[in-house]
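These notes are about the structure you will find just below.
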Amino acid sequence: MKSLFILAITLYSIAFSSFSAQTKLSYKDFGVLPMFQDPSVSPEGNKIVAIYNTEDGPSVVVSDFGGQEITTLVKLKKAKDRIDNVYWINEKRVLVSASYSERIVDRYFRMTRLFAIDIDGQNLREIKQRGRRDLNNWEKIAAGDVSLVSLLKNDKEHILVQLYDKRDKDHAVFKFNVNDGSLEKLFANTYNVHTWVVNSEGVVVFGYGTDKVESDVRTIWYRKDASSKWTLLHKQKAYAGETFEPKIVQDNKLLVISDRETRRASLWQYDIAKGEFEKIIYSHEKYDVEGVIYTADRDRVLGVYYFDNFLRSHYIEDANNNIATLVKNTFKNFETSIYSLSQNKQRMLILAASDNSPSKFIWMDLNVKKAGIWFTQYPYLEKKNFPNVTPYSYKAKDGTELSGYLTLPHNASPEKTPVVVWPHGGPIGVRDYQYFDTFVQFFVNQGYAVLQMNYRGSGGFGSDFQVSGYREWGKLMQEDVYDAFDWLKSQKLVNTNNACLAGYSYGGYVALTASFQKPNTFKCIISVAGVSDLLELAEDDYRWEGSLRAHVINEIGDPSKSDIAKELANVSAINHLDKIKAPILLLHGTYDTQVRLDQSSNFYEKAKKAGIDVEYTEYKYGTHYLDEPVNRMDAFKKIGEFLEEHLD
């Protein structure tokens, strides 16, 4: 079968070969959102639907399978809305998940909305309940959490969604008629469940929630079928014992991701009747299973995926692994994964990725033995000679084995090449990969080496590694960044005396913390949506009971305890302005739902009064990720200008 795709491979290599010499590009080439996101093949394989980003804002578009002519289905307001996901309900109708930021009391929350629409752009229906205006502030926040439960493979006129119900004071499951917009509540939620799970037939049989008395205790509820009573299956204190993440009931067995025995997230089969784990289905010897791969109707689990440097898939059945192997062998010059499949698995979209070229979507039709290019995510960055991203490993001062990525400009030299240290956000459960990244390649294209590191606490490397980062903000996690920089010094590849520490979110915290912990090491500091006052962040989130408070106590530190509060204050840049020497650039979106705006604005006001060289930009409608086109473009512009000013 490999030879049947030779023509497609040849055309592909010609279309996207990197043949031009390295030239310095504009921030405008990098500061754009990916052109297409979340594409998926229709159940019968005739169409492709996707999120389409332009300067005018996001829209949902559809094209014929194998074609590149797109038609707009729905377009949202520029700057104020974000399209998060698109799902096929049936061959003629799609479900769109969109969200916006809304200020409630003193902070912003992301509010989700679901729409159903025909692929000809007609019959738009929003899924919503009456009476939202009567909700109190807490209820408004809960009502913003709207999500898909099941696409109901045997009923293409309905889907299952979970919405906040004032009567239950929690999220209940509703059957939504995708044609007339009517809602039917299936049962009352008297169990404090916030996430509902179905079996292969689309019957809600699992509920994932919290205990009514102890808000930091997680509960799992189960029923055999729609006519059975709910029973408590599992109860566990947050951050205690093994993880338990149910995915689906398949062949009368629960498939669950758990770190049981291996201390790495693995896929298990759970015997519901006996209330015990039965067998392990898949576990990687080094990396966590990050999630499961569903069928087009999301009614069965086909396999799992994990990451080493790139995404890897493992399918439960050999037939599906054979298809994945075919894809891999067909496009040997790229790291490939099956991104979306038709129901009969004959038509698919493939994500072809590499470290030095933008990711592309390729269509493949096994019926006619053909494949071709659909679209690339960054067309302006194609056919450019970008450098490779190289994995490296190093030891922290305490002997912990760590890893990261180093990207060097072409013709880098120890005497002339400056460095941008770029730690990832999160911090817990997030990590860096080897994929082509627009921030990294922008820095490198401007002549800077880029150093990334997966400090302890990063995700994907097992539970023990992740837990080792708990309550280590400004301490061991921070030291891991410095140790990576020391490793780079020892390699004598670039000029580490000419370096800037820059970061996004938690990475911005790392940068600001380094500004006072290492005042003579970095020539400049860049914080995008970063944290300057860790105690304030912990105290603010601690106010919310349940999972958010448990997150603060276990991952950051309990601010209600005076000794811990003192520690958090001590690793906050806002309390050490007298030690800061390097110029600082702050960027923050006004609609940020993850890191409050005052983390940057308060720091700026105090730093300015203290005589620190600091620049600050607030972005109107800006989200945590600055995914509004104008804001993102300006952020790249300002970052580029700041680096050019302060690095030789």
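What follows draws every value from the coordinates through simple rules; no lab data is involved. Since we're looking at a predicted model, the values are computed, not measured. Here the Cβ positions follow ideal geometry from the backbone for every residue, glycine too, while neighbour counts run over all protein chains shown.
Numbers below:
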item: Axial C-alpha extent at least 27 Å, average Kyte-Doolittle at least 1.6 - helices from the chain (DSSP); result: none
item: Likely footprinting exposure, Val528, Val49, fewest C-beta neighbours within 10 Å first; result: Val49, Val528
item: Unit charges on C-beta of K, R, D, E only; dipole of the stretch 83-170, Debye; result: 220 debye
item: Of Lys24/Lys397; Lys24/Lys579; Lys28/Lys395; Lys229/Lys253; Lys606/Lys637; Lys166/Lys620, those spanning more than 27 Å from alpha-carbon to alpha-carbon; result: Lys24/Lys397; Lys24/Lys579; Lys28/Lys395; Lys166/Lys620
item: Stretchable slack from Lys608 to Lys370, in nm (0.36 nm times residue separation minus alpha-carbon distance); result: 79.6 nm
item: Computed magnitude of the charge dipole of the stretch 377-508 (debye, nearest 20; Cβ of K, R +1, Cβ of D, E -1); result: 220 debye
item: Cα→Cβ-extended label distance, 7 Å offset, between Thr400 and Leu25, nm; result: 3.5 nm
item: Calculated P(r) of the stretch 336-430 - Cα pairs past 23 Å, %; result: 51 percent
item: Filtered GluC sites (Glu not before Pro), the stretch 221-322: DSSP coil and at most 15 other beta carbons within 10 Å; result: Glu242, Glu261, Glu285, Glu317
item: Segment Asp155-Val467, extension gain: residue separation times 0.36 nm, minus the distance between their alpha carbons; result: 108.0 nm
item: Gain in span if fully extended, Lys332 to Lys237, counting 0.36 nm per residue against the direct Cα distance; result: 29.6 nm
item: In the stretch 168-276, the trypsin sites (Lys or Arg not before Pro) that fall in loop regions by DSSP, at most 14 other Cβ within 10 Å; result: Lys169, Lys212, Lys229, Lys274
item: Efficiency of FRET from Cβ geometry, Thr195 and Asn388, R₀ 56 Å, rounded to 0.05; result: 0.85
item: Order of Ile553, Ile564 - criterion: other Cβ atoms within 10 Å of each residue's Cβ, fewest first; result: Ile564, Ile553
item: Which of Leu255, Ile280, Ile373, positive extreme of dipole for the stretch 251-391 (C-beta unit charges); result: Ile373
item: Value of [θ]222 nm, deg cm²/dmol, for the chain, DSSP H segments ≥ 4, -39500 (n - 2.57) each, nearest 500; result: -6000 deg cm²/dmol
item: Debye, to nearest 20: dipole size of the chain, +1 on Lys, Arg Cβ, -1 on Asp, Glu Cβ; result: 620 debye
item: Fewest-first sequence of Arg103, Arg347 by Cβ atoms within 10 Å of each Cβ; result: Arg103, Arg347
item: In sequence order, calculated HN-Hα J values of the stretch 573-590 (Karplus, 6.51, -1.76, 1.60; Hz; x Gly/Pro); result: 4, 5, 9, 9, 4, 5, 9, 7, 10, 6, x, 10, 10, 10, 10, 7, x, 6
